[in-house]
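Below is one structure; the comments refer to it alone.
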Amino acid sequence: MELFFEIQLLKGNKHNIKTLPNGRVFYAQNSLFLEAKTRTMFEIIQTLHSYLAYVALAVLFFAVANAIMGLVGNKMFTMGKDLRLSLFALILCHIQLLVGLILYFVSANGFSAIREFGMGGLTSAARLLAVEHPFVNILALVLITVGWSRHKKFMEGKKKFKSIALFYGLGLILILSRIPWGQWLN
Ligand code: HEM
């Protein structure tokens, strides 16, 4: 079904962007070469963003769980496990953010959708991808970065764990609230 629509678009080239009933948007450009190039770039970045999401979310989850256990158990914040896990989560989330930013400009579901339809013209599924997911994830990354910076200022293990648990935890909740679950797990 999707393929049929794409071929029709490329041949007819009547519209630049077409939304399918399932909310996914496809676009055609004037020359086939440009279309193929953009699609390849899009597919690579989308695949990377899609698989990196599993790793980033898993490590972020472990960092939050570890910080909560450290806080509740009144443990010492170790430079080995605790620092590494928090730093690893921070780095992976930042890489995911960067990949997401690139994806936003090569995907028909990102900035192109807003440019073509305007904010008011987006369906709720399209708005999730073009507006809510990017905006909320950037906010989540700001919180995670604040949590990391704050933890460095404290000497006490309890305060360090609290900063990571609170800010990383809020970031994780925000990210989970705006994942396009239906599209991702299909
Ligand atoms: C930690 C942060 C993020 C996570 C965990 C995440 C995760 C995901 C996942 C799981 C998908 C669905 C992928 C699929 O369909 O297989 C997705 C799609 C998408 N993400 Fe993110 N994302 C994050 C940040 C961002 C940011 C910051 C932006 C843009 C500024 C962004 C832009 C997009 C776009 C445009 C799509 C739709 C791609 C398409 O299907 O055309 N993401 N993201």
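What follows draws every value from the coordinates through simple rules; no lab data is involved. Remember, it's a predicted structure, so these values are computed and weren't measured experimentally. In this analysis, Cβ positions are derived from the backbone assuming ideal geometry, glycine residues included, and neighbour counts consider all displayed protein chains.
Observations on the model:
- Working from label points 7 Å from Cα in the Cα-to-Cβ sense, the Glu156 to Met41 distance is 5.1 nm.
- For Lys153, the shell of other residues with beta-carbons less than 11 Å away shows a net charge of +3, using +1 for Lys and Arg and -1 for Asp and Glu.
- Computed from the C-beta positions of Ile91 and Trp181, the FRET efficiency with R₀ = 30 Å rounds to 0.75.
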